[in-house]
Every structure is written in C-alpha cells, then in structure tokens.
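Visitor: Here you go, one structure.
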Amino acid sequence: MNEYDRPSISLDGQWQIIIDPLENGYYDYRYQPKADGFFMNLKPKNKSELIEYDFDKADKLIVPGDWNSQKPELLWYEGTIWYKKDFNYQRKNEKRTFLHFGAVNYEAKVYLNGEKLGDHIGGFTPFCFEITDKVKDGNNFVVVKVDNKRRADGIPTLNCDWWNYGGITRPVKIMEVSQTFIQDYCIQLKKGEERQISGYVKVAGNDIPQEVIVNIPELKFHQAFKTDQYGWAKIEFSQKMELWSPENPKLYDVQIKAGSDEVSDKIGFRTIETKGQDILLNGKSIFLRGICIHEEAPYRSGRAYTVEDARTLLGWAKELGCNYVRLAHYPHNENMIREAERMGLLVWAEVPLYWTIQWENGDVLANAKNQFYAMFQRDKNRAAVILWSLANETPLSDARLSSLTKFAKYIRTIDNTRLLTAALESHREVQNPNSIMINDPLGKYLDVLGCNEYYGWYVENPEICKNLEWKTTYDKPLIMSEFGAGALYGLHGDKLERWTEEFQKYFFEENLKMLKKIPFLRGTTPWILMDFRSARRPLGNIQDYYNRKGLISNQGQKKKAFYTMKNYYEEIKNNFK
Ligand code: GCU
C-alpha cells in the first residue's frame with residue numbers, strides 16, 4: 001500500500017525502555033510466559049499492590065535508531081529491550097488503521113494496550129498490523145519486546161562480520177486508509193518488453209469489484225481497469241516512454257485511484273536481462289561499476305536510516321564513478337533504495353543468508369522466503385533494483401544446494417523480471433593453483449555469477465594476482481562481488497606493510513590488473529565503501545572493532561585506494577563497449 005508516500009501519523013521520537021536481559025518481563029521464575037508481562041504496562045492500583053516495573057520512570061531511547069550507538073552501556077548489548085510509546089488517537093468510522101514498522105532487529109513481539117498484535121522475525125524488513133478494532137479514542141500505548149540475540153537457526157545466523165545493532169531501527173507510523181483501499185500494486189515493464197506494461201492493482205475492502213484508474217499525466221496516459229471479485233485488477237497496456245538508466249534516471253508520477261482511495265508513486269521503467277556473458281540494461285550491454293555498502297551511518301556509526309545517510313553514502317559511490325551498488329548483506333532501508341533510484345544507481349539487494357546457515361532446519365527456508373517476500377513487496381516497483389542475491393559465501397553442501405535451489409525457484413515464481421545472483425566462492429585448481437575456478441553447483445540456477453575473492457589479502461600478498469587466471473564452467477556474466485584490503489586512514493608505509501594506505505592501494509592495483517583479464521567480467525563491487533563496525537575486528541589501534549576495508553574511513557576520509565578505483569571506473573566508463 002506504498003507506506004513510503006501515504007500520509008501517516010509518526011510514532012518516531014523518544015520511547016521509554018526497560019532493558020531485560022533475563023526476559024523477566026515475559027517469563028515467570030519458572031521460565032513460563034506470564035499473562036501480566038511488561039506488555040500490560042501495569043500501574044499499582046493502590047499503595048500495597050506490587051508492580052516491579054514502571055515505564056514512566058524508565059530510561060528512553062530514540063526511535064528509529066539502534067540501541068548500541070545511543071548508550072555506551074548498550075554498545076555490546078544483545079538481548080531483550082522493551083519499548084513503550086503512548087499516543088493519542090481519534091477513531092474515524094470511515095477509516096481502517098494500521099500500525100507499521102520499517103524494521104526491528106531481530107525478533108519483535110508487538111502489543112497494543114496490553115493486547116498482542118503479533119510477532120515478527122527478521123531485522124531488515126517492514127511489517128504491519130491492522131489495529132482498526134483495537135485502537136481506542138484517547139490514549140493508547142504500544143509495547144514492543146525487541147530481542148536481537150543471535151541464533152543458530154537465524155537469518156543471519158550466529159557469526160557475521162557486522163555489528164548486531166538491535167532495536168527499532170526504522171520509522172514507526174500509523175496509517176489510515178479508506179474502508180476500501182489500494183492494498184498493493186505493481187506497475188512495471190513486462191520481461192524483455194520496452195513498451196508493454198504488465199502489472200496489477202489489489203484493492204481490499206467491502207466495495208469490490210471496483211474500478212481502478214491508472215493515471216500517468218506526463219505520458220497523457222489515463223485508463224480505467226476493473227477488479228475481479230477478489231479485488232485484483234490486471235494492468236496491461238502499451239506505452240512509449242523514456243526508459244530509466246543510470247545516465248537518465250527518469251521517474252514518472254504514477255497515480256492510482258480506486259473508490260475514495262488514491263496512491264501516487266514515482267516509478268521508472270527499464271528492462272534487464274542477460275545474454276550469454278552480457279548483462280543487458282534496456283537491451284544494451286552494461287558494465288556494473290559498483291561498490292559494496294553496509295547500512296552503517298557515516299560519521300556517527302550505528303544503523304543508517306535517514307535520507308541524509310543515504311545521500312552521503314550514495315553520493316560517495318557516485319563520486320567513485322559508480323552506476324551500481326551492492327547493498328550488503330541484508331535489505332537496506334527504503335531511503336537507500338529510493339535515493340539510489342533517484343541518483344541513477346542500479347542495486348543488488350540481498351537477504352542475509354550469510355556463511356554457516358542451518359540449512360537442515362526446515363524453518364530456515366520459510367524464514368528466508370518471508371524475508372525475501374517482504375523485501376520484494378516493498379521494492380518491486382523500483383527500477384533501480386535489478387539483482388536479487390540469494391546468499392553470501394555459504395559453504396558447499398547438499399542441504400545448502402537443495403535449500404538454495406528451492407529458494408531460487410520460489411523467487412522466480414514471485415518475480416521473473418529481475419536477475420538472480422549470489423556471492424559465491426572460487427577455488428584454486430589442484431593441478432594448476434594459478435587457475436581459479438568458479439563452478440559452484442548453485443551457479444546453474446543463477447542468471448549472474450557473483451564471486452568474492454581476497455587474493456592478496458587473505459591469500460598471500462598482492463603480487464600473487466598477476467599469475468592468476470580465472471575460469472568458470474558457466475556461460476554467464478560475472479560480478480566480482482567482493483575484493484578488498486584493510487587500511488587505517490592516515491597510516492602510511494611501504495606497499496607491503498599491512499594496514500597502510502599504500503598496501504591497500506597496491507592490493508587494488510594488482511587486483512584490477514587481474515580482473516581486466518577476465519573475459520566474462522561484467523561488474524565489480526569492491527569490499528567496501530566505508531569502514532564499518534564489526535565485533536570480529538579487535539586489532540587495537542588499527543581496527544578497534546571496525547572492519548577497515550573501506551575506501552573511505554567512517555569519518556568520511558578518502559584513502560588512496562579510493563582514487564585507484566575511481567581511475568579504473570573512469571577508464572571503464574570510456575572504454576566498455
Ligand atoms: C567476507 C564477507 C564480508 C566480510 C568480508 C571481510 O567476504 O562477505 O561480510 O566483511 O569478507 O572479511 O572483510
């Protein structure tokens with residue numbers, strides 16, 4: 001229902017919190033869920049009644065925002081924190097009311113006025129609950145139990161190279177819509193068609209079937225469609241239009257009307273496909289000049305979420321000469337996607353199936369599908385998003401292959417217009433260690449191969465690169481989805497001295513020479529745009545719990561290697577045919 005643009009009542013700002021590492025607000029001393037947990041927000045009725053918590057006497061945190069970067073004592077905290085927010089509301093008969101969360105990491109249990117609304121798993125995707133019959137006139141209170149504990153059966157699982165920022169990390173809002181409203185829509189070009197729009201509008205409510213008007217003023221397009229008795233209207237029409245591309249990120253105002261409800265959106269139209277080893281955008285072969293980005297806030301650290309955060313990070317990517325970004329390793333906030341689209345940056349989007357996922361556990365695939373579907377639902381009208389990534393550096397196993405094959409098939413049933421990829425690993429051929437092979441069996445199910453390589457950083461030193469030759473068993477385009485080296489901004493020395501800017505620069509010089517020799521290479525996303533926090537990086541006075549592979553420090557200082565990549569992209573821009 002396009003939460004991004006719909007009018008809404010924001011619940012952002014200060015929320016009262018109770019830090020609850022033992023989940024005492026949820027379980028009794030027998031570790032059984034209790035009926036009068038903190039979600040009831042109880043107050044003593046008289047001087048004798050025992051209530052051992054009080055949100056109104058509790059500490060506060062800002063929402064949206066992770067808790068780790070807001071309070072030093074919470075920097076390392078992984079566990080449960082209870083959030084409470086009061087709000088005044090006036091019910092309106094002709095309206096339906098929804099409570100929407102942009103994202104909560106990792107598990108959220110949501111209550112309204114003490115009543116359970118539901119649970120949500122997954123730290124990077126939106127969710128909402130209808131509260132039409134639960135919200136009351138006057139004061140209401142929302143309570144959210146947020147638990148960011150890492151789990152073996154989680155997505156991501158126990159081990160990951162980014163900070164496990166917990167909390168209500170994206171905006172919370174109340175949305176009011178008409179009794180009959182536009183619940184969903186997808187207005188995009190049909191696969192491989194530059195003029196044929198093929199989509200749908202879903203109307204929910206009692207006044208169905210319903211007429212749906214699609215209006216694109218700039219194209220003088222105005223047409224009525226009819227929903228079926230379930231509220232679905234098939235939207236098919238042929239229209240000449242300017243296609244969206246990095247050079248011309250053309251967006252059209254698209255208005256959709258049904259009954260008394262109306263939504264508008266800025267939508268771009270483009271085609272994306274592969275042909276042999278080429279990636280074709282609007283029918284033309286393209287080289288994806290990219291960079292990996294974590295959703296880490298520039299300068300202040302913590303989870304990024306504002307439009308400014310997005311403009312800063314994506315602005316640096318543009319400065320580097322990018323036409324594309326890999327948003328690692330999870331669905332980033334909607335500001336990132338919308339700003340990328342506005343700025344003319346193509347997007348690789350990913351669900352955090354990262355490293356040692358518990359494939360044998362049947363719930364894992366279901367969780368992955370839910371996370372993907374939520375990301376798809378939010379971003380399906382975004383022309384900038386061209387690649388769905390299944391996973392990152394997951395070790396080979398039959399269980400992994402069967403799960404990811406099923407996942408790939410699932411995604412194709414949901415969206416056959418975008419390309420499937422994954423960040424795979426390569427291996428050195430036994431008979432010839434200078435021959436690097438990409439033949440992961442998962443490659444068969446992908447449109448584009450992604451590969452992470454660290455020859456010259458985790459494998460020996462940069463000079464190894466000149467001897468290496470890359471091969472694959474697939475006739476498909478390759479994106480080198482990660483390659484990078486650590487450097488502390490301002491640390492200088494000779495080019496073989498680790499952690500110096502000179503070493504990082506040398507790493508990129510040698511890697512780029514190697515990459516230029518790969519005939520099926522159609523894109524690169526160095527690891528990574530900016531230094532980011534990670535609990536896996538304890539080296540004192542160098543890392544200090546930051547991954548230092550950024551081309552830019554977390555204080556926005558450009559390292560020498562930034563210009564090495566910038567020159568390479570300038571070269572590609574002028575020469576790639
Ligand atoms: C891995 C991984 C990243 C990690 C990087 C590194 O390839 O995908 O998440 O941060 O390497 O080691 O720096």
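Visitor: Could you please let me know if Gly79 is surrounded by fewer than 19 Cβ atoms within 10 Å (Cβ to Cβ), touching a residue at least 40 places away in the same chain (Cβ under 8 Å), touching a helix residue (DSSP H, G or I) at 6+ places or on another chain (Cβ under 6 Å) and not hydroxyl-bearing (Ser, Thr, Tyr)? First the steps, then the outcome.
Guide: Numbers: surrounded by fewer than 19 Cβ atoms within 10 Å (Cβ to Cβ): yes; touching a residue at least 40 places away in the same chain (Cβ under 8 Å): yes; touching a helix residue (DSSP H, G or I) at 6+ places or on another chain (Cβ under 6 Å): no; not hydroxyl-bearing (Ser, Thr, Tyr): yes.
No, not satisfied.
Visitor: Restricting the search to region 243-281, which residues are without any contact (Cβ under 8 Å) to a residue 12 or more places away in the chain and closer than 18 Å to Val385 by Cα?
Guide: Let us first name the residues in region 243-281 that are without any contact (Cβ under 8 Å) to a residue 12 or more places away in the chain, namely 275, 280.
The one that is without any contact (Cβ under 8 Å) to a residue 12 or more places away in the chain and closer than 18 Å to Val385 by Cα: Leu280.
Visitor: Another question about this same structure. I'm trying to understand the selection: among the residues of region 534-544, which are within 12 Å of the ligand (Cβ to nearest atom) and either in contact with a strand residue (DSSP E or B) (Cβ under 6 Å, 6 or more places away or on another chain) or of a type in the set (A, V, I, L, M, F, W, C) (or both)?
Guide: At the first step, the residues of region 534-544 found to be within 12 Å of the ligand (Cβ to nearest atom) are 534-537, 543.
Listed by number, the residues that qualify are Ser534, Ala535, Arg537.
Visitor: Additional query: May I ask you to say which residue of Ala383, Ala399 is farther than 18 Å from Phe124 by Cα and open to solvent by less than 20 Å² (accessible area, probe 1.4 Å)?
Guide: Details: Ala399 fails: open to solvent by less than 20 Å² (accessible area, probe 1.4 Å).
Only one candidate passes the filter, namely Ala383.
Visitor: Let me ask something additional. Which of the following residues is in contact (Cβ under 8 Å) with a residue 40 or more places away in the chain and out of contact with any His (no Cβ under 9 Å at 6 or more places or on another chain): Pro44, Pro64? Steps first, please.
Guide: Details: Pro44 fails: in contact (Cβ under 8 Å) with a residue 40 or more places away in the chain.
Selected residue: Pro64, the only one of Pro44, Pro64 that is in contact (Cβ under 8 Å) with a residue 40 or more places away in the chain and out of contact with any His (no Cβ under 9 Å at 6 or more places or on another chain).
Visitor: Which condition does Thr125 not pass, out of (1) in a strand (DSSP E or B); (2) open to solvent by less than 30 Å² (accessible area, probe 1.4 Å), if it passes all the others?
Guide: Condition (1) is where Thr125 drops out.
Visitor: Please return the ranges of strands (runs of 3 or more DSSP E) entirely within region 249-365 where 1 or more residues are in contact with a helix residue (DSSP H, G or I) (Cβ under 9 Å, 6 or more places away or on another chain) and open to solvent by 30 Å² or more (accessible area, probe 1.4 Å). Walk me through it before giving the result.
Guide: Details: elements: 252-258, 261-267, 272-275, 278-281, 324-327, 346-350.
Strands (runs of 3 or more DSSP E) meeting the threshold: 252-258, 261-267.
Visitor: Would you check which residues across region 517-533 are away from the ligand (no atom under 16 Å from the Cβ) and either within 20 Å of Glu502 (Cβ to Cβ) or over 22 Å from the mean Cα position of the chain (by Cα) (or both) and list them? Even if it seems obvious, please write down each step before you answer.
Guide: Going through region 517-533, the residues away from the ligand (no atom under 16 Å from the Cβ) turn out to be 517-523.
Scanning region 517-533 gives Lys517, Ile518, Pro519, Phe520, Leu521, Arg522.
Visitor: Any chance you could count how many residues in region 410-434 are farther than 24 Å from Glu453 by Cα and free of Cβ contacts under 8 Å to residues at least 24 places away in the same chain?
Guide: From region 410-434, those farther than 24 Å from Glu453 by Cα are 410-418; that's our starting set.
Within this subset, residues satisfying the condition of being free of Cβ contacts under 8 Å to residues at least 24 places away in the same chain are 412-413.
Matching residues across region 410-434 total 2.
Visitor: Let me ask something additional. Under 9 Å by Cβ, and 6 or more places apart or on different chains, what pairs join a residue from region 187-206 that is at pLDDT 95 or above and assigned to a loop (DSSP other than H, G, I, E, B) with one that is among the aromatic types (Phe, Trp, Tyr) and open to solvent by 50 Å² or more (accessible area, probe 1.4 Å)?
Guide: Ile187/Tyr200
Visitor: Scan region 320-338 for residues that are under 23 Å from Ala422 (Cβ atoms) and away from the ligand (no atom under 14 Å from the Cβ) and jot them down. Walk me through how you get there before you give the answer.
Guide: Filtering region 320-338 down to residues under 23 Å from Ala422 (Cβ atoms) leaves 322-333, 336-337.
Those that are under 23 Å from Ala422 (Cβ atoms) and away from the ligand (no atom under 14 Å from the Cβ): Cys322, Asn323, Tyr324, Val325, Pro331, His332, Asn333, Met336, Ile337.
Visitor: Still on this structure: Could you say whether any residue in region 169-177 is away from the ligand (no atom under 16 Å from the Cβ), touching a Pro at 6+ places or on another chain (Cβ under 9 Å) and among the polar types (S, T, N, Q)?
Guide: Of all residues in region 169-177, those away from the ligand (no atom under 16 Å from the Cβ) come to 169-177.
After this cut, where a residue has to be touching a Pro at 6+ places or on another chain (Cβ under 9 Å) as well, the list is 169-172, 175-176.
Still in the list and also among the polar types (S, T, N, Q): 169.
Yes - at least one qualifying residue is present in region 169-177.
Visitor: When you scan region 487-505, do you find a residue that is open to solvent by 10 Å² or more (accessible area, probe 1.4 Å), of a type in the set (A, V, I, L, M, F, W, C) and under 29 Å from Leu396 (Cα atoms), even just one?
Guide: Pass one, region 487-505, residues open to solvent by 10 Å² or more (accessible area, probe 1.4 Å): 488-499, 502, 505.
When the remaining residues are screened for being of a type in the set (A, V, I, L, M, F, W, C), the result is 488, 491, 496, 499.
This time we only want the ones that are under 29 Å from Leu396 (Cα atoms), so: none.
No, because not a single residue in region 487-505 is open to solvent by 10 Å² or more (accessible area, probe 1.4 Å), of a type in the set (A, V, I, L, M, F, W, C) and under 29 Å from Leu396 (Cα atoms).
The values are calculated or read from the model by the stated rules, or taken from the named source; none is laboratory data. The model shown is predicted, which means the values in this text are computed figures rather than measured ones. For neighbour counting, all protein chains shown are included, and Cβ atoms are generated from backbone atoms with ideal geometry for every residue, glycine included. In case anyone asks, the SASA skips ligands and DNA or RNA and just uses the protein heavy atoms, side chains included. Shrake-Rupley method; radii C 1.70, N 1.55, O 1.52, S 1.80 Å.
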